[in-house]
Amino acid sequence: MKAVLDHLFYIPIPQEDIMKNRFLFFAFLGSFLLWPLLCPADVRAGSEDDKANDLVNFTNYVDWPAKALGKAFSDFVFAVIGDEGVSKRIAESQKGKWLDGHPVAVQILKDFNPVQLKNLKQSKVLFISAS
């Protein structure tokens, strides 16, 4: 029975095709493994502008309940922990802008500090940097 199955499923592959496939396999594997070393960190992790735009655009897809936003004219706070570049980009792009009747403010925290947890309660969007 084994001899019959081997005969039915045997597909002869020319030696040139085997070498070509090996080359393609190792070329793909090499490029996959070397990509993190060759690619700049900004491209891998996303630029600060992209992160800031994503955070701001995120607010457009949320239906904010009136209770969540607080009193009229209270700040809509973006809190950013650990990435000053992103917080500065948000502050620059949202300067003087309003969101659902609330002025936009940015809270910048260099490091996570448990003492500052009270300040984070007023934030509506919190971004924690990976670094």
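Laboratory data are not the source of any read-out in this text; all were calculated from the coordinates shown. For clarity, every value in this text was computed on a predicted model and none was experimentally measured. Here the Cβ is made from the backbone with ideal geometry for all residues, glycine too, and neighbour counts use every protein chain on show.
Annotation: amide H of residue 76 within the under-5 Å range of 104, 105, sequence separation 5 or more or interchain, hydrogens built in the peptide plane. With 20 Å as the limit, write out which pairs from 67/118; 71/97; 95/118; 51/118 have Cα-Cα distances beyond it, or answer none. In this structure, 95/118; 51/118 lie more than 20 Å apart at Cα. What is the sum of charges around residue 69, taking Lys and Arg as +1, Asp and Glu as -1, for the other residues whose C-beta is under 9 Å from the C-beta of residue 69? With Lys, Arg at +1 and Asp, Glu at -1, the net is +2. Most tightly packed first, judged by the mean number of other beta-carbon atoms within 10 Å of their residues, the peptides 65-77, 98-110, 82-94 read 82-94, 98-110, 65-77.
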